[in-house]
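First up is the structure itself, then whatever we jot down about it.
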Amino acid sequence: MAHRKKKLLIIYHSQGGTMERLARRFALGANHEEDVETLLKPAAEATLNDLLQCHGIAIGSPEYFGTMAGLVKDFFDRTYEAAREQTIGLPFVLFVCAGNDGRGALTQIERIAAGYKWRQALEHQRIVGEPSKDDLNRIEELGHTMAAGVGMGIF
Ligand SMILES: Cc1cc2nc3c(=O)[nH]c(=O)nc-3n(C[C@H](O)[C@H](O)[C@H](O)COP(=O)(O)O)c2cc1C
């Protein structure tokens, strides 16, 4: 029987490049799991189909004006009606970067995820200021753990 790989979707937005670095590190970690297909996409390019076909989702957003980036919100706006009944229980994890806070972005995305009835898979991460080496390693590890869990279907 053909073995179909599980899919992990990673969506992010980055205006200044910080979240792009973090999202790439997350994907690097996820790619350690060869049995899982990783799809890394800017939120603006992610489609309803990407969401419907994934077995887990990671969302990376900077905090802008106390909440998530507009294009991350746009992804939710575009997919909610069509996806919500089909993605109930989808494992998700969040990572947020911020100048000095980030809690607003985390809280707002959590509220939306609750609307979809997604299931938190791992502890969300908040990176404040310029990411340190430890922060980058932590995000890579998060990506690896998320992919491993999605691959094994344990979330
Ligand atoms: C328009 C704008 C609004 C921001 N608002 C906040 C904010 O409300 N709270 C905060 O902690 N940082 C805020 N920041 C800082 C960013 O969250 C931080 O620089 C982040 O690393 C940017 O990620 P990026 O380089 O991927 O765009 C803001 C930055 C911009 C450009």
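Here the stretch 8-155 is treated as a sphere whose radius is the Kirkwood value from Cα pairs; by Stokes-Einstein at 4 °C and 1.567 mPa s it diffuses with a coefficient of 87 µm²/s.
Short-range pairs are left out: with C-alpha atoms under 8 Å and at least six residues apart, the relative contact order of the chain is 30 percent.
What is the log10 of I(q)/I(0) for the stretch 26-89, computed with the Debye formula using one identical point scatterer on each Cα and no solvent, at q = 0.18, 0.30 Å⁻¹? Result of the Debye calculation: -0.75, -1.33.
Taking the Cβ of THR47 as the centre, find all other residues whose Cβ is under 15 Å away and add up their charges (Lys, Arg: +1; Asp, Glu: -1).
-2
Per-residue 3J(HN,Hα) values for the stretch 127-134, derived from phi via the Karplus relation 6.51 cos²θ - 1.76 cosθ + 1.60 with θ = phi - 60°, read 10, 9, x, 4, x, 7, 4, 4 Hz in sequence order (x marks Gly and Pro). Per-residue 3J(HN,Hα) values for the stretch 79-94, derived from phi via the Karplus relation 6.51 cos²θ - 1.76 cosθ + 1.60 with θ = phi - 60°, read 10, 4, 4, 7, 9, 4, 6, 9, 10, 4, x, 4, x, 9, 9, 10 Hz in sequence order (x marks Gly and Pro). Between ARG103 and ASP74, the simple spin-label model (points 7 angstrom out along Cα→Cβ) gives 3.0 nm. Considering only GLN108, THR145, LEU48, and ranking their Cα positions along the charge dipole of the stretch 6-147 that arises from unit charges at the beta-carbon of Lys, Arg, Asp and Glu, the one farthest toward the positive end is GLN108. Between PHE65 and GLN86, the distance separating the two model label sites (each 7 Å from Cα on the Cα→Cβ line) works out to 3.2 nm.
Taking 7 Å steps out from each Cα toward its Cβ at LEU39 and LYS117 produces label points 2.3 nm apart.
Any read-out appearing in this document is the output of simple, stated calculations on the displayed coordinates, not a laboratory observation. Treat the numbers as computed from the prediction; the structure is a model and nothing was measured. Every residue, glycine as well, gets a Cβ built from its backbone with ideal geometry; the counts of neighbours run over all protein chains shown.
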